[in-house]
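What follows is a single structure, written as structure tokens, with notes after it.
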């Protein structure tokens, strides 16, 4: 399992676009953080995510981990890369590779990814 992203901050499921198959998780800035961090997954095929993560770790799943999750949920995972959120496999996203951006945007400011991905 290759680690792709790690943060001890709290992330929330911020937005999902069915038509564009895009998932956005956000850690907003606040009293303890001067910045916000957005992480986006494009071309989402399957996902099992929580509304809130206290700390976020994203890993590229191995083929064995992908097979184990496919067996657990039943059926084939389909095309795409499987990314585990946390190391226990309880949350995952089958999608293109994630990207992230950190800036000083406020709670209501559009995401850096909004114009590119039409969220």
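Coordinate-derived values only; no laboratory data. Predicted model only: the values in this text are computed from it and were never measured.
Miscellaneous remarks
- Max mean-square fluctuation residue, GNM over the chain, Cα-Cα springs under 10 Å, options 30, 89, 105: 30
- Kirkwood-Stokes translational diffusion coefficient of the chain, alpha-carbon pairs, 25 °C, 0.890 mPa s, µm²/s: 167 µm²/s
- In the elastic network of the chain, a GNM with C-alpha springs shorter than 10 Å, the most mobile of 25, 84, 48 is 48.
- For the chain, built as a Gaussian network whose Cα springs stay under 10 Å, the top-fluctuating residue of 72, 15, 46: 72
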